[in-house]
Amino acid sequence: MNAIYFQKQSRESLDNLAIKLSKKYSNIVVFQALACEDGVCGLNKLSKEHNIKTEYLYDSATGVKEYLKNENTFYKNIIIKVNELKAKYDFVLVASFGVFGGLDTFWINLKLSKELNLNYVIDNDLTKFEFAKIHHKYASLYNENTSLDELLNLKKPDYISPMAFEVMLESKAKENVKTIVLPEGNDERILKAASILLEGKAVKLIILGNNKEIAQKASDLGIDLDDVKTYNPGNSSLDDECANALYEARKSKGMSLEQAKELIKDRNYFGTLLVHLGYADAMVSGAACSTADTIRPALQIVKTKPGVKSVSGGFFMCLSDKVWYFADCAVNPNPTPENLAEIASVSAATYKAFGFEPRVAMLSYSTANSGSGVSVDLVKQACELAKSYEGLNYDGPIQFDAAVDIATASKKMPDSKVAGKANVFVFPDLNAGNIAYKAVQRSAGAIAVGPVLQGLNKPINDLSRGCLVEDIVNTCLISAIQAQ
Ligand code: ACO
């Protein structure tokens, strides 16, 4: 552990804890998101005496303004700042802020500690501690007799909040900036997402559509697209190259050059060809097109990775305190046992690529041998076949409750390494997967990031037609990371 969140009721307890920490860590910082009038918690004198550094993000007035302007951006900026501090210092003591316009700081501080994925440590106010415990599983009480070891050995939060996940996506994408093609330049949501992405400098963009119309729309929206390349399929400098490439890829399926010249006027074919030819690293489309129209060119031209037979689509399901992965929710209506086993393996790989340790549940209406039927047999066969994927940590057939709840798991599958703590869920068919992701998204308030298409040679990702600007931003970041 190299950071905790401290809800201070008294200056003395903060001083006391900071001094204790400064004896163990030579390079510690006390960070307060909103500084008070006398600096960070009035620590100036103390910080000189004990070599404790102090940092803040906003002065009080600016912080309140930023919060009221956009709450999400306010929290995200603090997460980014704390991540920077964690890399720079041996220990970061995040101190609660006390002044916040007329707003209730207790709840804002509590939410902040959860978004930061940090233990919430509170000094002696028992009433507030009781509240905190109800709302934060990792809350703990501190007083001057608490030993530092006791504090540092607290059970660490093992979740990632949706906001921390989004911040992680942006910082991972920035490690190796990739170019994304967005074929639906006529959609305002695409242009708004482009503006956010360009500001974050995590990706470069190509936008397809009528150049003049895009420029006019961008100007109406007050968006600067100077750094973006635009192409109008069927009327662009790349038409011939794209048509020839399409003809080469599909002539064995009976496509003529004339047909290819016609087909590249379709923005999804043109965008996919830009990825195929290396002008872009990934494509994100589907805000205005069906899934089938968006991904068919990729299935025909980009094709699957060596060793992968079928493309599937998964969702990162960002719940308040965890990120799960659901698949296949987008592509294969009737998977075979071979398809399901492969979906388990590629889903585990996708989840792992984003920094999580996968435990895969092969879902069914039966756990172990409790039920029978054709669809249970399908999952049983898939589980047998999954044995051939080395290192795959999975179990099934398993019901959802046994997959996620330790008490149920201990009764139904006591010896399983996955039951009770699964985080990757493979559904028996597209009906189940698609219905489940939408049910969780709409009833549990989850942010569903995806579908992430897995198994393709190059990243092409689909959007839902009801997508929001933030969904487009997240899908572009995911695509950029897949392209690295
Ligand atoms: N993996 C790899 N390749 C595939 C796959 C797959 N899962 N499915 C089809 N292909 C390939 C075929 O082999 C074929 O290649 P070829 O022409 O080089 O031989 C090519 O794709 C076209 O195959 P068709 O069978 O003609 O494919 P079609 O275009 O009819 O359908 C599709 C493919 C679009 C994926 C279809 O299965 C489908 O519509 N799936 C459901 C999509 C959907 O509606 N999802 C739910 C909504 S998504 C959401 O809610 C987020």
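None of the figures in this text is laboratory data; all of them are computed from the coordinates on show. Note that the structure is a prediction, hence the values are computed from the model and not measured. Every residue, glycine among them, receives a Cβ derived from its backbone with ideal geometry; neighbour counts consider all protein chains shown.
A few remarks follow.
- The trypsin sites (Lys or Arg not before Pro) of the stretch 418-455 meeting both criteria, a DSSP state outside H, G, I, E and B (loop) and at most 16 other C-beta atoms within 10 angstrom of the site's C-beta, are 421.
- Take the Cα of residue 143, step 7 Å toward its Cβ, do the same at residue 421, and the gap between the two points is 3.4 nm.
- Gain on full stretching of the segment that runs from residue 11 to residue 336 - 0.36 nm per residue minus C-alpha separation: 110.7 nm
- Using the Cβ-Cβ distance between residue 237 and residue 199 with R0 = 35 Å, the FRET efficiency computed as 1/(1 + (r/R0)^6) comes to roughly 0.80.
- Crossing angle, helix 430-443 versus the chain [Cα axis fit, 0-90 degrees, rounded to tens]: 30 degrees
- Between helix 60-69 and the chain there is an angle of about 30 degrees, using the helix long axis and the longest principal axis of the Cα atoms.
- Distance from the Cα centroid of the stretch 169-235 to that of the stretch 45-106 is 32 Å (rounded to whole angstrom).
- Other-chain or far-sequence residues with amide H under 5 Å of residue 139's (modelled H): 120
- Those trypsin sites (Lys or Arg not before Pro) in the stretch 337-407 that DSSP places in a loop and that have at most 13 other beta carbons within 10 Å: 387
- Take every DSSP beta bridge whose two residues both sit in the chain; close to 25 percent of them are antiparallel.
- Radius, Kirkwood style, for the chain when every pair of distinct Cα atoms is counted (Å): 24.8 Å
- In straight-distance terms, cross-link reach from residue 20 covers every one of the aspartates and glutamates whose alpha-carbon lies under 16 Å from its own, apart from those fewer than eight places away in the same chain; here that gives 12, 49, 90, 123, 144, 149, 150.
- Out-of-range pairs (alpha-carbon distance over 25 Å; input 204/309; 24/86; 24/88): 204/309
- Summarising the label geometry, the points placed 7 Å from Cα in the beta-carbon direction at residue 370 and residue 292 lie 3.7 nm from one another.
- Gain on full stretching of the segment that runs from residue 88 to residue 126 - 0.36 nm per residue minus C-alpha separation: 10.3 nm
- Binning the C-alpha pair distances of the stretch 166-302 at 5 Å intervals from 0 yields a P(r) profile of 2, 10, 20, 22, 19, 14, 7, 4, 2, 0 %, listed from the shortest bin outward.
- Nearest 10 degrees, 0 to 90: helix 71-88 Cα axis against the chain principal axis: 70 degrees
- Cβ-placed point charges (K, R +1; D, E -1), dipole of the stretch 312-455 about Cα centre in debye, nearest 20: 340 debye
- Within the chain, the longest run free of GluC sites (Glu not before Pro) that sit in a DSSP loop with at most 12 other Cβ atoms within 10 Å is 176-389.
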